[in-house]
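Step one of this worksheet: look at the structure below.
The values are calculated or read from the model by the stated rules, or taken from the named source; none is laboratory data. This one's a predicted model, so the numbers in the text were calculated from it and none came from an experiment. Methodologically, a virtual Cβ is constructed for each residue, glycine included, from the backbone with ideal geometry; neighbour enumeration extends over all protein chains shown. Protein only, heavy atoms only, side chains kept; ligands, DNA and RNA dropped before computing areas. Shrake-Rupley method; radii C 1.70, N 1.55, O 1.52, S 1.80 Å.
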Amino acid sequence: MTGHNYYYKSTTEKEFNCLKDDDKLIEALSYKGYTVYAVKQKSNQLIPYHEHPSEEMVIVLSGKIRYIIEEEIVDLEAGDIIRIRPHSIHSMIGTAEEGISNLLLIFI
């Protein structure tokens with residue numbers, strides 16, 4: 001578990017007591033009242049710098065992604081979770097060798 005001014009990094013095992021179990025994760029997130037979006041991020045596909053008024057949480061189900069949050073680089077792989085604090089400027093790029101990363105995107 002890593003905490004910083006702009007984000008918090010953890011794992012699905014620590015947060016939801018499961019490893020890469022999509023159904024259990026979605027059930028736990030839905031129970032909390034979150035809206036969950038399934039996202040496929042292609043390798044080298046860039047989401048440019050932006051920010052949100054609410055907290056963003058991303059769960060990596062498969063593959064690898066890289067976030068740049070307020071100029072700090074954070075690499076994530078399957079089983080990792082990142083929570084980005086509101087109004088933190090960030091971008092993201094897919095870095096999976098197999099071509100696509102499967103993510104869950106939640107705004108809290």
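The single condition among (1) part of a helix (DSSP H, G or I); (2) modelled with pLDDT of 80 or more; (3) surrounded by 14 or more Cβ atoms within 10 Å (Cβ to Cβ) that Lys24 does not satisfy is (2). Can you tell me which residue within the range 35-72, out of those that are among the hydroxyl-bearing types (Ser, Thr, Tyr) and crowded, with 16+ Cβ neighbours inside 10 Å, is farthest from Ile100 (Cα to Cα)? Among them, the one singled out is Tyr67.
Under the condition of being over 16 Å from Ser10 (Cβ atoms) and either open to solvent by less than 10 Å² (accessible area, probe 1.4 Å) or not β-branched (Val, Ile, Thr) (or both), the residues counted in the range 73-104 number 13. Considering the conditions (1) surrounded by 13 or more Cβ atoms within 10 Å (Cβ to Cβ); (2) within 11 Å of Leu103 (Cβ to Cβ), Tyr7 is excluded by exactly one of them, (2).
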